[in-house]
Every structure is written in C-alpha cells, then in structure tokens.
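A short write-up of the structure that comes next.
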Amino acid sequence: GDSSVALQTQEEIIEMKDVFSVKLKRRRYAGQKKGGTLLGITIFKCLNKEENKLTDCAIHLNNLSEDHCQSWFRQLKEILNGFQNRPKSLKVFVNPNSHKREATHIYYEKVAPLFKLADIKTDVTVTEYKGHALSVLRECELQAFDGVVCVGGDGSVSEVAHGLLLRAQRDAGKDTDYVSKPVRAPVPLGVIPAGTTNILAHTLYGIKHAVTATLHIVMGHIQAVDVCTFSTPSKLLRFGFSAMFGFGARTLALAEEHRWMPSSQRKDFAFIKTLADLKPEECELSFLPLQIPQEDAHEKDRITLLYLGSKDQWQKIQGHFLNVSIMAIPCLCSMAPRGLAPNTRLNNGSMALIVVQNTSRTEFIKHLKRYTSVKNQFNFSFVETYTVQEVKVQPRLKSGPDAKENVCLNAEGAYPWNIDGDLMKEASEVHVRVHPQLIDLYGVNTDDLESSQATCNCI
C-alpha cells in the first residue's frame, strides 16, 4: 500500500504449515464490535521456542485496500482449511479439582483464546465427579467432533482415554466385558497438563506447558500411541498406558486416604510413610517376551532382543517384589527426566516390565534416587527389566503369622493398582496386554520423539 514514510524493508519467509490463523485487522473504538477502519491482515504463526516449547506470534501486514485484503484473506483461509488433521470442532473436558484447582483457569485464560483464534468450535464439560467424563462420552455424539481434549492430570486423561476406547468398542458392536482385539479410538485425544506430574503430557511434548500442548492440538500434530488393556479372567478393568503394583500402588492408596490434605503434602506424606513401612508383595509374574525377527534386531530405534523361537513362550518368575511396573510409554516427568521406562517408545508395540525384588530400604532408596538423575536406574542386582507383549500378575495372600502384613488390602482382599495415577483395587489375577497404536494423541510426530526425549535427558 501507499506509505508517506520511507520504511526499511526486511524480507521474511513464512511457511503456511506454521500458520494457524489469519484475521482482518481493523481499528475499532471502545465498545465497537463490528466494522472499523481496515488496516490490513494479521497472520498468526506457531514458533518453536526454547527447544520443546511452542509459542504463538502475530505478523501484521498493512494494506488499506478492502478488495486487496479480502482477496488475501480468502486465499490464506483456503490454504489453512486444506490441512487435514487440524480440528475444527472439539469436545473439551475440564477437571476443576486437578492439582491446585487451576485447570479451569488454565483452560479459559490460556487454551480457549487460542482455540477461538484458530476458529475451533468447542463444547466444554466441567466435570463434577469421578466418572463424569466417562458417562458423557458414553452418550455424546462423537461424530460431531474432530477430537476430544482433556484439561487435567494423568487420572483425568486416563479416564477420558478409557471412555473413548470403550465407546469405540461399543460402536463397533464388540463385547466390552472382555476385549481381546480392541478397535481404535474414533477421534484423537488432546492433553492439556493441569495436574501434579502430568506424565502423558511430558512424554508427548517433553515439557509441562499448556500453550505448547494447545498449539500441538491447533496445528493438528498427531501421534499414534500404544494402549494396554488391564483385565481379570472375567472382565475388562480398563484401558490405560502404564501401571504399578506394590510400592507405587501402595503410595497412591495411602494418598487417596488423605484427600483432605493439600495435594503436594498428601503425596509427600504417602511416599515417606510407605517407604517407612516398606514391605514386599508376594506374587507370581507370567510374561510373554516381545518377538521380533532377527533381521530387524538392529534396526534404528528398535530394542535389540534375543530371538526366543516359539511366539507363545511364556516365562514365569515368583517371589517377593517391592514394586512391579508395566508401561507401554516412556513415562517422562520432571522427577524422572529419563522416564520411568526409558527403554520403550510411544508406539513400538511393546511394554516395559520392571521388577524390583525385595531388598533393603537403603538400596531401594538408591534405586529411587536414580530416577531423578540421568544415571541408569536399573543398574542394580535386585532390578530386572523385560520387554514384553503380555503380563499376568497373580498376588499371593500371606497367611499365618505374616497375615498382618496384608495392610494394603480392603475388606474383599483386593490389592491396590496404580493405573495412570488412578487407584484401582483388584483381588484376582490381572492380565495386561499391549495393543499397538490404539489411539491417536495430539503431540509430537514420531520423528521428533527422540529429540524430545533427548531434551528431557539433559534437564
């Protein structure tokens, strides 16, 4: 456009894949909602700042011609509408009780404005009780949405993921009491971190940052992720990404008994008290090691494994274990920069089985401390790791003089399980299977995953 001022020009190239919104720029007076003097157009793009952190920035293009600006506006909108994975309508769940009750503030102050800027329509449910999201997902018309978003902690995200996958089984006419070969979730799931540890968000984005998570959703970055089924011999317990039995579950069970305490105090108290009363669980573990052809054993990003011959070669170990972890994802968090299970990936079709045998409290604390560093937390004689497809955990109730040690059991004799930060109690054997790429999550692409984890390794 015409300019009476000689401006020093600088050429800059903007790739449309980095742009998520374009708006006509107008000068309006206070209280004026429509019209106004046309100034030009504004392009909003996504910037990769400070490695894993994403931010948005605005670029103003000045031109006073209505026809010229409208032409550019229409053309740019057409290009943006051509990006297939970008959502136009989202179902949003906000858990107002997550962490320091900040989820509602995070959503309306940081997330909702970006959704509005990107012209994404939203239908928001602020959950009122545990299981609320599950009941809404059971009935809502999912075909009206391009994705589902959860604003909360790991427990909230796990509930929404479970609800999405249950809905997929029901819509496919499958029996939801026993699911051997589940169908994929119908729409992607977005995770906005607003909890305490936010393991899934850290694993997806390499950082706990609401704006970064929101921009991954807005930009339509899709990552296929493996999911586990947790079942008894008679029923499906739930879909999930990771679980702990033993110390990790006992700690959560004790924390849940002290919900009246502030979140951080409650978790610190439960951790220290469980550590002080450290006791092993007697159980039998059966597992099916992951099978891959020998020629693929050295393929990039694969775990080198010994070829075991029979594809149904189950192995068993029995004894007293302080903790058993079963994880289909690396489970990164600020307290475990390498991840709780650094030898697995988001979508390689395997689970990490990590078994901590009975040992002294001192040695167990040394093992736990390793998680906060970049040292190998498994380099202890009492820690064993396996890469598996299936796991069966069969607890053994103590009897006789040692029966009083069954302190974590409820009246029905059920053992606690920590599944994605959610407490479940089960008396019988639990069978865990991994199902490759069962759900799409909004997050980093597979090619970016390694660099994301490498960044976390250096924290």
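Things worth noting here:
- Only listed residue being open to solvent by 70 Å² or more (accessible area, probe 1.4 Å), under 21 Å from PRO113 (Cβ atoms) and modelled with pLDDT of 90 or more, chosen from LYS88, LYS17: LYS88
- Of the residues making up the range 119-169, those that are of a type in the set (Val, Ile, Thr), open to solvent by 30 Å² or more (accessible area, probe 1.4 Å) and assigned to a strand (DSSP E or B) number 3.
- Flag if LYS116 is at pLDDT 90 or above, among the charged types (D, E, K, R), outside the structural domain of SER263 (by the TED database) and surrounded by 14 or more Cβ atoms within 10 Å (Cβ to Cβ): no
- The combined condition, being in a loop (DSSP other than H, G, I, E, B), of a type in the set (D, E, K, R) and either modelled with pLDDT of 90 or more or closer than 30 Å to LEU423 by Cβ (or both), is not fulfilled by LYS267.
- Some residue of the range 170-193 being open to solvent by 10 Å² or more (accessible area, probe 1.4 Å), out of contact with any Ser or Thr (no Cβ under 9 Å at 6 or more places or on another chain) and part of a helix (DSSP H, G or I): yes
- Cβ-Cβ under 6 Å pairs, at least 6 apart or on other chains, the range 260-287 side closer than 27 Å to THR196 by Cα, far side modelled with pLDDT under 90 and surrounded by fewer than 17 Cβ atoms within 10 Å (Cβ to Cβ): ARG266/HIS258; LYS279/GLU405
- Residue under evaluation GLN394, criteria (1) touching a Gly at 6+ places or on another chain (Cβ under 7 Å); (2) open to solvent by 10 Å² or more (accessible area, probe 1.4 Å); (3) closer than 22 Å to VAL227 by Cα, criterion not met: (1)
- Against the numbered list (1) farther than 19 Å from THR251 by Cβ; (2) modelled with pLDDT under 90; (3) not charged (D, E, K, R), CYS333 comes up short only at (1).
- Test: residue in the range 254-261 that is closer than 26 Å to HIS431 by Cα and either buried (at least 19 other Cβ atoms within 10 Å of the Cβ) or modelled with pLDDT of 95 or more (or both): yes
- Long-range neighbours under 7 Å by Cβ, at least six apart or interchain, first residue in the same structural domain as LEU38 (by the TED database) and open to solvent by less than 90 Å² (accessible area, probe 1.4 Å) within the range 60-73, second polar (S, T, N, Q) and not in a strand (DSSP E or B): CYS69/ASN63
- Only a single criterion out of (1) open to solvent by 10 Å² or more (accessible area, probe 1.4 Å); (2) on the phi > 0 side of the Ramachandran plot; (3) touching a Cys at 6+ places or on another chain (Cβ under 9 Å) is not satisfied by ASN198, namely (1).
The values are calculated or read from the model by the stated rules, or taken from the named source; none is laboratory data. None of these values were measured; they are calculated from a predicted model. Ideal geometry is used to build each Cβ from the backbone, glycine not excepted, and the neighbour counts take in all protein chains shown. The accessibility values were calculated without ligands, DNA or RNA, using every heavy atom of the protein model including side chains. Shrake-Rupley method; radii C 1.70, N 1.55, O 1.52, S 1.80 Å.
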